[in-house]
Every structure is written in structure tokens, then in C-alpha cells.
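The values are calculated or read from the model by the stated rules, or taken from the named source; none is laboratory data. In this text the structure is predicted, and so the values were computed from the model without any measurement. Methodologically, a virtual Cβ is constructed for each residue, glycine included, from the backbone with ideal geometry; neighbour enumeration extends over all protein chains shown. Remember, those area values only see protein heavy atoms, side chains included, never the ligands or the DNA or RNA. Shrake-Rupley method; radii C 1.70, N 1.55, O 1.52, S 1.80 Å.
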Amino acid sequence: MTVCIAGPSTLSNTIFCVTDMMLSMSDSSMSGDSLAAKMAFFGPNWTVMMAGDLSPYLEIRERVKEALPKKLSGGALTRYIFAETLKEAFIAERKRRQEAEILSPFDLDFSNYRDEGPKLGPEMYSRILFELREFDLGLSLLVAGFDDNMTCVFKVEGRGIAHNYGCPWAIGSGDQAAIGYLFATQTNIFCDADEMLYRVCCAKFSAETSLGVGKETKTVMMRKGKEQEVLSEGDIKAIREDWKKTRQLELPDRKKKIAADIIQAKISQSQTST
């Protein structure tokens, strides 16, 4: 119940991360008042945004924070290392919840369910296997950052596999509206920073018509090797005001007349033929 958007500009070595402030915990939506839960910063070069259930996200975030120092050993955080660490965290958290929610009610765990499960009967055992296979954390992550001199955007969800995108992307309940705007305006990595900021903000505004997308907007500007800078709703107010003027939600009479003439012509054609 949210929207998260990442817009990389390779020309300016800048990435803009935009999100609303809606969070969800299982089936309940709530509004947050800070970026602490919605975004996580891993050094100056990487930002993670979340959509979906907050509970597994917090667990995964802590697993990643604990695992990364051991993997890096003083080296730089690359896209490959980050994606692999997130995958491992997803798998571990998914397994922990599968065991607690599906197996433990039958006094089973992953060490014995293959031997003891069939004793529950073929129907019940098949149901358990199905639920284990279909179990989903209900969480998507959008990761943006810099790998050497390249801007990177990738999504992690389901079983933790990273899906890489060479273009601006979005996740959450408002993703289709946001992606639709970005594609319609041909927003791509070759846009300069000025255009990218304008476009990703407008993509977020477009997504506000979707279920569960909050009106408040937070934007983070990332520049390689520099600390992330947060832009508030007030900082981007001028973009919102300009967008309201140009999206033209209301049709003037002269534009309505174009459609009216088409309808009337069709009706007249039908009446003549009968």
C-alpha cells in the first residue's frame, strides 16, 4: 500500500528516490512520519525502499546490516554483493516464518516434516507442501545505488531474486500508474538531473490516484560518494503546483465537443440506416 520510485541519471551520476509515507503491517495500513522505516541507507551510495508488510522488512533489514560487514571486509559494496545478501536474508526470513506459521501448529519443523508430515494423512500433508511452496513474505524492495561508476536499480521480492532494471522503476500499489507516466514521458537514464527530479516527482503524483498511496512525498537525492540529501514536500512544492496545471484533469468545452460530434455522428448514422 504505497509507491516507491527510483530514477537514475547516468549523465549526472545522480539518483532520485521518491516515496510516500504509507506503511502496512499485515492487513492494516498506517501512516508514518519519518523515513526511518520506509527507507534504509547503506553508506552514501545505496538506498533501499520497501513496499508491503513492514514486519518481515524490519527483520530482513537487520539481517543485511549484520551480514554485510563480514562480506565486505573493508571493500566496496557492489550490486552483486548487495543482491546476494538480500537474497540470503529473504530466504532465511521466509524459512523462519514458514516454520512458525505452517509447520509448528503440527509440531513439525524443517528437520522432520518430510518424515512426520505424511503421518497426518495425504490430504493434510499435500496442503502443508502447497502452503510451503506458495508462502510469500508480502514484501518488495527497490534498491538504488552506485556500482563503480554505474547507476543501479533493482527489485527484490518473492524468494529474494534480484530483477535488474536499466531504467527508472517503481514498486508498490501505485507502481503501474508511476511506471506508466515514466514510460509515456520517455524518462530514461540519459535524462539530466533536473529532468529526472521533475519526472520522478510527477510519477509519484500520478500514483496518488492508486489505492493506499499517501499524499505526502519524500525525495532523497543520491550523488556518488556524497551523503544522501532529503527533499521535503515543501522543497518540491513548485513541481507539484506545475504538475497540477499541466495534467489537465478537466476538459474544456471545445475538447468535449470533439467527442460529442463523434457520438452524434454515430447516432445519426444509425438512425439513417434504420
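Brief remarks follow.
- Test item: Cα-centred dipole of segment 204-274, Lys/Arg +1 and Asp/Glu -1 on Cβ, debye: 220
- Value at 222 nm in deg cm²/dmol, rounded to 500, when DSSP H runs of n ≥ 4 in the chain each add -39,500 (n - 2.57): -13000 deg cm²/dmol
- By average C-beta atoms within 10 angstrom, highest first, the peptides 205-218, 254-267: 205-218, 254-267
- Ligands, DNA and RNA left out, the accessible area of segment 121-274 computed with a 1.4 Å probe is 54% carbon and sulfur.
- Projecting the Cα atoms of 58, 268, 81 onto the charge dipole of the chain, computed from C-beta unit charges around the Cα centre, puts 268 farthest toward the positive end.
- Solvent-accessible area of residue 125, all protein chains in place: 40 Å² (probe radius 1.4 Å, heavy atoms, ligands and nucleic acids excluded).
- Degrees, to the nearest 10: 193-207 long Cα axis against longest axis of the chain: 90
- Between 0 and 90°, nearest 10: helix 122-134 axis offset from the chain longest Cα axis: 60
- With Cα atoms, 0 to 90° folded angle of helix 54-72 axis to the chain main axis: 70
- Cα centroid separation - segment 187-227 against segment 145-159, whole Å: 16
- Only lysines eight or more places from residue 266 in sequence, or on another chain, were considered; those with a Cα closer than 27 Å are 255, 256, 257.
- Both numbers refer to the Cα atoms of segment 113-207; Rg and Dmax are 20.2, 64 Å.
- The chain - Rg over Rh from alpha carbon coordinates, Kirkwood radius: 1.11
- For segment 1-148, the Cβ-based charge dipole about the Cα centre amounts to some 420 debye (Lys, Arg positive; Asp, Glu negative; other atoms uncharged).
- When the pairs 38/70; 87/218; 71/215 are compared against a 32 Å limit on Cα-Cα distance, 71/215 fall above it.
- Spin-label model distance (nm) - residue 183 vs residue 257, 7 Å beyond Cα toward Cβ: 3.6
- Relative to the Cα centre, the charge distribution of the chain, modelled as +1 at Lys and Arg Cβ and -1 at Asp and Glu Cβ, gives a dipole magnitude of about 780 debye.
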